[in-house]
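Student: Here it is, the structure, as structure tokens.
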2 protein chains.
Amino acid sequence: MTTVHAYAAPSADAPLAPSTIERRELGPLDVRIDIKYCGICHSDIHFTRGEWGPQEYPATPGHEIVGVVAEVGADVTRHAVGDRVGVGCMVNSCRDCENCAAGEEQYCLKGSTLTYGSKDRDGTITKGGYSTGVVVVEDFVVKVPEGISLQEAAPLLCAGITTYSPLRHWGAGPGKKVAVVGLGGLGHMAVKLAVAMGAEVTVLSQSLSKKDDGLRLGAKDYFATSDKQTFKTLRNHFDLIINTVSAKIDINALLGTLTLNGTIVNVGAPPEPLEIGVFNLFGNRRSFAGSSIGGIRETQEMLDFCAEHGIGADIELIEGKQINEAWERVLASDVRYRFVIDTATLTA
Amino acid sequence: MTTVHAYAAPSADAPLAPSTIERRELGPLDVRIDIKYCGICHSDIHFTRGEWGPQEYPATPGHEIVGVVAEVGADVTRHAVGDRVGVGCMVNSCRDCENCAAGEEQYCLKGSTLTYGSKDRDGTITKGGYSTGVVVVEDFVVKVPEGISLQEAAPLLCAGITTYSPLRHWGAGPGKKVAVVGLGGLGHMAVKLAVAMGAEVTVLSQSLSKKDDGLRLGAKDYFATSDKQTFKTLRNHFDLIINTVSAKIDINALLGTLTLNGTIVNVGAPPEPLEIGVFNLFGNRRSFAGSSIGGIRETQEMLDFCAEHGIGADIELIEGKQINEAWERVLASDVRYRFVIDTATLTA
């Protein structure tokens, strides 16, 4: 066992505080990573606050992990000491079911092992990346290519893959009109990625307050969903809509903006059910779908794609002692567009 | 103008009664059809009762029309006097938008002209197939191949194409597991068609009361949705679910039975919105979609497919004076599986 520095929440409603956690002995297929940076995802807050079910405390969140390989197990072949690597939302899966066999470990039929708050194979509860080190089995560690800074790469491990995967699966590319709903951590990545794939991208946001940003990121258009004219102007328009909003918004109005065979894919995770009027699906044979992160192979593909296109996240780098304030700002949507923790500052 | 016999509703809440209606003069591209049979669709009732919006009265429904060509306009090339033909839910569309150009006239962006209760190009309101004759532009008339009786072909024009189209679009065939929810007019056609396409078909019905029928139609399995064990047994099982139920059922429970990339397609049209828990879409990257009838080209393809596979609807043939009673029985789900009116009996 090795002890690492971390920030942890002692209970669902207490602030995070400096702490230490134990990482397991290195197994033959394990990689020990010195964590350099970890992004802050809205999920970290939901999870730690017990909003997605009861958790074990103290809890350390964080699943946008990047760092450098410090040590490898005897049988490791995929990574070497000194490699720049990343770990996303999963640290293991059953490796045996048909979805794992298809390289879609995020849909593991026995449930993938999440990076934090999940029961690990040895029965312990996983602890996340708000820490200075972690031990992960090599198959769930990806390489961060040269050409992306580690700190800008961190949010790619969740916000990046979560938007990249549905864009690829539903065929975003030249000749396709893609809308991104919500310009936050996920939304700003969806815009960058869809633009790099060659799609014509439109941002749909509650207001026009971030319009300059949206256009700078490469969007061709930017509309306010609070303006009813928007839905008339955009009727039967989009091939694909990536909805990043984790709140109960009007999906039926969005459905009307889809063209023949168009799909809305929710990557936002509102706790309440969403109401769908079936007649809105009948027109243009529309679909409403969901997508959850991406598989390991696709995560590597996404990182390589980002390096090739010079894409990183827009980040605000913070120290450990700013985490609680950063969480408040995430809840207030007051970040452009992702907080990233410099883990060298976690000791205080 | 020619006068034909018909049954018509004088108002939203009055029974249908014998009547006559006028059909337009034959234009150069029109076909006059002597109607032999017309199926009774649940939509006829919703429409005529004003449940899908106000109608003009007297109203004559019916969009599962089969008959024989009696006369053709000067420029008609696709049909000849004596041909066995059918007319489904549409009698025209704009012919100009991208969806019409793609042969998907049912998704015409300017709105297709429905067979009844729809404003026709000449400003009159269309009247349906509970009548002895109709005039339709040749492009919206399909051929009924030899090998299907006219009376068993009638329901194919709505119930047949409405289920055939999504089965084809979402790839039902060998190696695919397809569920059909609800064993009524649409459901029994969905089972026959999916079986003929080579899929492994399961019926999901509220109870097991029609199990013998389901298996006779070719289903491999039959489960009651009222039994909670059903949803455990079938977890992550189906590639495609065709939901024919026009009521607010538990879509979230059904979503759990879909395997990776599986889709529920609603062809049933409940008036209330359906509630979708987004987390049910995240698992296995599931979709909830809608589908509306099918295009003219695909309707012909469906009829040819049915002739090739010896498929017709299971029907109960009735006379005009039984229509009101038949409607009551449709509302009570008391028909196996489609009423078809012998239009020779409409005069009394």
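The values are calculated or read from the model by the stated rules, or taken from the named source; none is laboratory data. Note that this is a predicted model, so its numbers are computed, not measured. Every residue, glycine among them, receives a Cβ derived from its backbone with ideal geometry; neighbour counts consider all protein chains shown. We work out accessible area using only protein heavy atoms, side chains counted, and drop any ligands, DNA or RNA first. Shrake-Rupley method; radii C 1.70, N 1.55, O 1.52, S 1.80 Å.
Student: So how do B:SER205, B:SER226, A:SER207 rank on accessible area, 1.4 Å probe, biggest first, that is with the largest at the start?
Tutor: Working: B:SER205 20, B:SER226 85, A:SER207 50 Å².
Descending order: B:SER226, A:SER207, B:SER205.
Student: Okay, moving on. Report the percentage of all Cα-Cα pairs in the protein assembly as shown whose separation exceeds 38 Å, rounded to a whole percent.
Tutor: Details: 105582 of 241860 pairs.
Summing the P(r) tail past 38 Å for the protein assembly as shown gives 44 percent.
Student: To the nearest 20 debye, what charge dipole does chain A have about its Cα centre, counting +1 at the Cβ of each Lys and Arg and -1 at the Cβ of each Asp and Glu? Could the numbers behind the result be given before it?
Tutor: Working: 32 positive and 42 negative charges, 220 e Å.
Its charge dipole is roughly 1060 debye.
Student: Grab the other residues whose beta carbon is less than 15 angstrom from that of B:ALA70, score K and R as +1, D and E as -1, and report the net.
Tutor: Residues close to B:ALA70 contribute a combined charge of -1.
Student: To one decimal place, what orientation-averaged projected area in nm² is obtained for the convex hull of the Cα set of region A:229-336?
Tutor: Values: hull surface 38.6 nm².
Averaged projected area of region A:229-336's Cα convex hull equals 9.7 nm².
Student: If you don't mind, another one. Sort out for me the Cα centre separation of region B:69-85 from region B:179-239, rounded to whole Å.
Tutor: 40
Student: Shifting gears a bit: Report the Cα centroid-to-centroid distance between region B:288-348 and region A:23-50 in angstrom, as an integer.
Tutor: If we compute the Cα centre of each part, the gap is 59 Å.
Student: Using protein chains only and a probe of 1.4 angstrom, how many square angstrom of A:HIS79 are accessible, to the nearest 10?
Tutor: Counting only protein heavy atoms, the figure is 10 Å².
Student: Please get the size of the charge dipole for the protein assembly as shown, origin at its Cα centre, with Cβ charges of +1 on Lys and Arg and -1 on Asp and Glu, quoted in debye to the nearest 20. Before the final figure, lay out each step's value.
Tutor: Details: 64 positive and 84 negative charges, 28 e Å.
Computed about the Cα centre, the dipole is about 140 debye.
Student: Of A:ALA224, A:ALA154, A:ALA102, which is the most mobile in a GNM of chain A whose springs link Cα atoms less than 10 angstrom apart?
Tutor: Comparing A:ALA224, A:ALA154, A:ALA102 in a Gaussian network model of chain A, the most mobile one is A:ALA102.
Student: So how long is each side of region B:168-248 along the principal axes, counting just the alpha-carbon atoms, biggest first, in Å?
Tutor: For region B:168-248, the Cα spread along each principal axis is 29, 27, 24 Å.
Student: Separate question: Which residue fluctuates most in the GNM of chain B (Cα springs below 10 Å): B:TYR57, B:TYR222, B:TYR37?
Tutor: In this elastic network of chain B, the residue with the biggest mean-square fluctuation among B:TYR57, B:TYR222, B:TYR37 is B:TYR57.
Student: Excluding ligands and nucleic acids, what accessible area in Å² is computed for A:GLU56 using a 1.4 Å probe, to the nearest 10?
Tutor: Only protein atoms counted, so the area is about 110 Å².
Student: Using a 7 Å offset from Cα along the direction of the beta-carbon, what are the separations from A:PRO15 to the same position in each other copy, nm, ascending?
Tutor: 7.8
Student: Same structure, new question: Compute the helix-to-body angle for A:296-309: its Cα long axis versus the longest principal axis of chain A, expressed 0 to 90° and rounded to tens.
Tutor: 70
Student: Follow-up. Hey, rough spin-label estimate for A:GLU275 and B:ASP75, points 7 angstrom out along Cα→Cβ, what's it come to in nanometres?
Tutor: 4.8
Student: Given bins 20 angstrom wide, list per bin the percent of all Cα-Cα distances in chain A, short to long.
Tutor: The calculated distribution, bin by bin, is 32, 57, 11, 0.
Student: If each of B:ARG95 and A:ARG235 carries a label point 7 Å out from its Cα toward its Cβ, how far apart are those two points in nm?
Tutor: 2.3
Student: From largest accessible area down, sort A:LYS143, B:LYS119; use a 1.4 Å probe on the protein chains.
Tutor: B:LYS119, A:LYS143
Student: Also, I was wondering about something else. Am I reading the B/A interface right? What is its buried accessible area, both sides, 1.4 Å probe, to the nearest 100 Å²?
Tutor: Interface between B and A: roughly 3100 Å².
Student: For n ≥ 4 DSSP H runs only, could you compute -39500 (n - 2.57) per run for chain B, divide by its residues and tell me the 222 nm figure to the nearest 500?
Tutor: That calculation yields -6000 deg cm²/dmol at 222 nm.
Student: Post the alpha-carbon centroid distance, region A:125-170 to region B:110-138, in whole angstrom.
Tutor: Cα centres, region A:125-170 to region B:110-138: 58 Å.
Student: Say the dipole of region B:160-290 comes from +1 at the beta carbon of Lys and Arg and -1 at that of Asp and Glu; which of B:ALA190, B:ALA172, B:GLY268 then lies farthest toward its positive end?
Tutor: About the Cα centre, the residue reaching furthest to the positive side is B:ALA172.
Student: Nearest 0.05, what FRET efficiency do B:GLU25 and B:ASP212 give at R0 = 41 Å with Cβ-Cβ as r? Spell out each step's value before the answer.
Tutor: Details: r = 51 Å, r/R0 = 1.24.
Efficiency, from the Cβ-Cβ distance: 0.20.
Student: For region B:1-110, what is the largest minus smallest coordinate of the Cα atoms on each principal axis, given in angstrom and ordered from greatest to least?
Tutor: For region B:1-110, the Cα extents along the three principal axes come out at 42, 33, 22 Å.
Student: To continue, here is another question. Just by accessible area at a 1.4 angstrom probe, what is the order of B:LYS220, A:LYS192 from largest to smallest?
Tutor: B:LYS220, A:LYS192
Student: Something else about it: Using a 1.4 Å probe and ignoring any ligands, DNA or RNA, find the accessible area of A:TRP327 and quote it in Å² to the nearest 10.
Tutor: 10
Student: So if we plug the beta-carbon distance of B:ASP334 and A:HIS309 into 1/(1 + (r/R0)^6) with R0 = 45 Å, what FRET efficiency do we get, rounded to 0.05?
Tutor: Values: r = 62 Å, r/R0 = 1.37.
Efficiency at R0 = 45 Å is approximately 0.15.
Student: Assuming R0 = 56 Å, can you tell me the calculated FRET efficiency for the pair A:VAL68 and B:LYS143, based on Cβ-Cβ distance, to the nearest 0.05?
Tutor: Working from the Cβ atoms, E equals 0.20.
Student: Label 7 Å along Cα→Cβ of A:LYS321; region A:15-55 residues with amide nitrogen under 12 Å?
Tutor: A:18
Student: Right, another one. Within 10 Å of each Cβ in peptide B:91-98, how many partner chain Cβ atoms are there on average? Round it to a whole number, please. Write down the numbers at each step before the final one.
Tutor: On the way: counts 0, 0, 0, 0, 0, 0, 2, 3.
Counting Cβ atoms of other protein chains within 10 Å of each residue's Cβ and averaging gives 1.
Student: Right, here's the next one. Counting DSSP beta bridges in the protein assembly as shown, what percent are antiparallel, to the nearest 5?
Tutor: Working: 72 of 126 bridges.
Among the beta bridges of the protein assembly as shown, antiparallel pairing accounts for roughly 55 percent.
Student: Follow-up. Taking a label point 7 Å from Cα toward Cβ, how far is A:ASP120 from its twins in the other copies, in nm, shortest first?
Tutor: Reported distances to equivalent positions: 7.5 nm.
Student: Give me a single rounded figure for B:266-273: the average over its residues of other chain Cβ atoms within 10 Å of their Cβ.
Tutor: 4
Student: While we're looking at this one, here's another question. Accessible area per residue for chain A in Å², computed with a 1.4 Å probe and the full protein assembly in place, what is it?
Tutor: Here the per-residue accessible area is 38 Å².
Student: Using only Cα atoms, find the angle between the long axis of helix B:185-196 and the longest principal axis of chain B, and express it within 0 to 90 degrees, rounded to the nearest 10.
Tutor: Approximately 70 degrees, to the nearest 10.
Student: Right, here's the next one. Around B:GLY184, under 12 Å between beta carbons, what's the net of Lys plus Arg minus Asp minus Glu among the other residues? Each step should come with its number before you reach the end.
Tutor: On the way: positive: B:LYS210, B:ARG329, B:ARG336, B:ARG338; negative: B:ASP213, B:ASP314, B:ASP334.
Cβ neighbours under 12 Å give a net charge of +1.
Student: Using the crude model of +1 on Lys and Arg Cβ and -1 on Asp and Glu Cβ, and no other charge, please compute the dipole size for region A:160-290 relative to its Cα centre, in debye to 20.
Tutor: 260
Student: Pairwise over distinct Cα atoms, reciprocal of the mean inverse distance: report the Kirkwood radius of region B:1-63 in Å, one decimal place. Provide the component values of the computation, followed by the final result.
Tutor: Numbers: mean 1/r = 0.0772 Å⁻¹.
Value: 13.0 Å, from the Cα pair sum.
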